[in-house]
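The values are calculated or read from the model by the stated rules, or taken from the named source; none is laboratory data. Owing to the predicted nature of the structure, the values given are computational and were not obtained by experimental measurement. Glycine also receives a Cβ, built like all others from the backbone with ideal geometry; neighbour counts cover every protein chain displayed. We work out accessible area using only protein heavy atoms, side chains counted, and drop any ligands, DNA or RNA first. Shrake-Rupley method; radii C 1.70, N 1.55, O 1.52, S 1.80 Å.
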Amino acid sequence: MSLESVKQYFKSLGRENDIREFSQSSATVELAAQAVGTAPARIAKTLSFYSKEKDHAILIVTAGDMKIDNSKFKHFFGMKAKMLAKEDVEPLTGHGIGGVCPFANPSHTEIYLDQSLKRFETVFPAAGSGNSAIELTCSELENYTNSKDWIDVCKPMDQ
């Protein structure tokens with residue numbers, strides 16, 4: 001269902017044929033990089049957090065080689081970062097684990113793009129399933145996600 005909602009969304013933009021579906025899983029950064037044939041850093045992973053009220057999700061799209069910097073997150077959002085529990089992922093994001101993406105989400109979902117993505121000409125976010133992706137420029141990602149802003153809340157995985 002989730003992949004279909006993303007396809008419908010991109011159909012309205014004339015881009016449904018740009019969604020790539022793979023025979024293998026792309027549910028992790030490493031698997032997605034292998035499926036797409038790119039460096040893991042160019043995978044635009046979507047991290048899912050609770051809002052302050054815990055009634056909707058905050059999605060942060062970041063480069064595949066980054067992770068949340070808890071102090072930056074707390075400074076920006078005014079709360080501690082708390083990832084969604086497994087049972088809340090699909091109801092709050094519209095997508096299952098491994099396919100969470102910043103497209104075709106519930107209307108109350110807050111989407112932010114991390115600055116770490118801007119070092120790439122194109123990136124590969126998931127497209128609503130654990131075996132799909134779409135290649136987008138950062139400008140397209142910004143436009144197609146209806147994101148609130150570009151923010152700096154991540155740090156390299158090795159820090």
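Table for the structure above
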| quantity | calculated |
| --- | --- |
| Pair list, Cβ under 7 Å, 6 or more apart: the stretch 139-151 residue open to solvent by less than 30 Å² (accessible area, probe 1.4 Å), other residue of a type in the set (Phe, Trp, Tyr) | Thr145/Phe103; Ser147/Tyr112; Ile151/Phe76; Ile151/Tyr112 |
| Which listed residue, of Ser12, Ser2, is open to solvent by less than 60 Å² (accessible area, probe 1.4 Å) and among the small types (Gly, Ala, Ser) | Ser2 |
| Selection from the stretch 49-63 of residues that are under 10 Å from the mean Cα position of the chain (by Cα) and either surrounded by fewer than 19 Cβ atoms within 10 Å (Cβ to Cβ) or not β-branched (Val, Ile, Thr) (or both) | Leu59, Ala63 |
| Test: residue in the stretch 114-123 that is of a type in the set (Gly, Ala, Ser) and either surrounded by 15 or more Cβ atoms within 10 Å (Cβ to Cβ) or under 15 Å from the mean Cα position of the chain (by Cα) (or both) | yes |
| Subset of the stretch 19-36 that is open to solvent by less than 60 Å² (accessible area, probe 1.4 Å) and part of a loop (DSSP other than H, G, I, E, B) - its residue that is nearest to Gln8 (Cα to Cα) | Phe22 |
